[in-house]
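As structure tokens, the structure follows; a few thoughts come after it.
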Amino acid sequence: MNPQLQTLQKKQAGEAAALLVESGMVIGLGHGSTAIWALRLIAERLQQGLLRGITAVPCSTQVAQDARQAGIPLTDFNDIPAIDLTIDGADEVDPHFNLIKGAGGALLREKIVAQASRREIIVVDGAKLVQQLGARCRLPVEIVPFGLASQLRYLEDMGAEVLLRRTARGEPFRTDQGNLLADCRFGPLAAPEKLAAALEQRAGLAGHGLFLGLATDLLVADAAGVHHRQVRHLLEQQP
């Protein structure tokens, strides 16, 4: 896809999600190149007086910085019972609203926030839609540094082609928790639930980028505009 067109579609999806935010809400702010457009429009609406009483939980230290600079008030996650609405992006989305996330490195905090949200709105451009997760993207897995080699072997024994993520300087990439990331190519996933369960039972793996059953809304921007789909509509279509 043309990069300029893709950026435009990301902007359209993010801004459409921002319009779903209402005054008085506690919102989750996702990390990434699509969710940032939602953050910017939320900030603009606050400045214009179209929104009031908004507080936010950021999914990364970078998003926290962006929100402060934009004038969005942040709240302590420990001081709230739940998050009303979270806006976040994804690297892949399958027809059942299952996701691969984590290209930006914030997957663990993003999943914690998603699980605490009453509504999880995923914003993507049309290129992110796939029939099976893993069709194009590697699956990020967050690893505690202690015993790293054993965790990499475990992932390889599961059939993954494993690439330890590094910074532009060639140093190991560190998450906000100080953990490492392995980008794992499993290929198209016929049973993502089984893979998620196998990853979750391994001590030393702090998290993974399979977000299954968490998204409630999907906003997709393509050449025809922005399309809003919700989980309840998906369930109504099932026999």
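The values are calculated or read from the model by the stated rules, or taken from the named source; none is laboratory data. No experiment lies behind these values; they were computed from the predicted model shown. So basically every Cβ, Gly included, is an ideal-geometry build from the backbone, and we count neighbours across all protein chains shown.
Residues satisfying the criterion are absent from region 60-74 (criterion: polar (S, T, N, Q), assigned by TED's automatic domain parsing to the domain that holds Glu120 and in a strand (DSSP E or B)). Applying the selection to region 183-194, what residues are part of a helix (DSSP H, G or I) and free of Cβ contacts under 8 Å to residues at least 40 places away in the same chain? Passing the criteria: Glu193, Lys194.
Checked against the criterion of being touching a strand residue (DSSP E or B) at 6+ places or on another chain (Cβ under 7 Å), within 30 Å of Leu8 (Cβ to Cβ) and surrounded by fewer than 14 Cβ atoms within 10 Å (Cβ to Cβ), the candidates Pro140, Pro73 yield just one match: Pro73.
Here the strands (runs of 3 or more DSSP E) wholly within region 101-182 that include at least 3 residues being within 30 Å of Asn2 (Cα to Cα), out of contact with any His (no Cβ under 8 Å at 6 or more places or on another chain) and not assigned by TED's automatic domain parsing to the domain that holds Leu218 are 161-164. Against the conditions (1) closer than 15 Å to Gly147 by Cα; (2) of a type in the set (Gly, Ala, Ser); (3) free of Cβ contacts under 8 Å to residues at least 12 places away in the same chain, Ala206 satisfies every one except (3).
Does Ile87 satisfy the condition of being in contact with a helix residue (DSSP H, G or I) (Cβ under 9 Å, 6 or more places away or on another chain), assigned to a strand (DSSP E or B) and within 16 Å of Phe211 (Cβ to Cβ)? Considered against the rule, which asks whether it is in contact with a helix residue (DSSP H, G or I) (Cβ under 9 Å, 6 or more places away or on another chain), assigned to a strand (DSSP E or B) and within 16 Å of Phe211 (Cβ to Cβ), Ile87 comes out as yes.
Restricting attention to region 89-120, the residues that are among the aliphatic types (A, V, I, L, M) and surrounded by fewer than 22 Cβ atoms within 10 Å (Cβ to Cβ) add up to 3.
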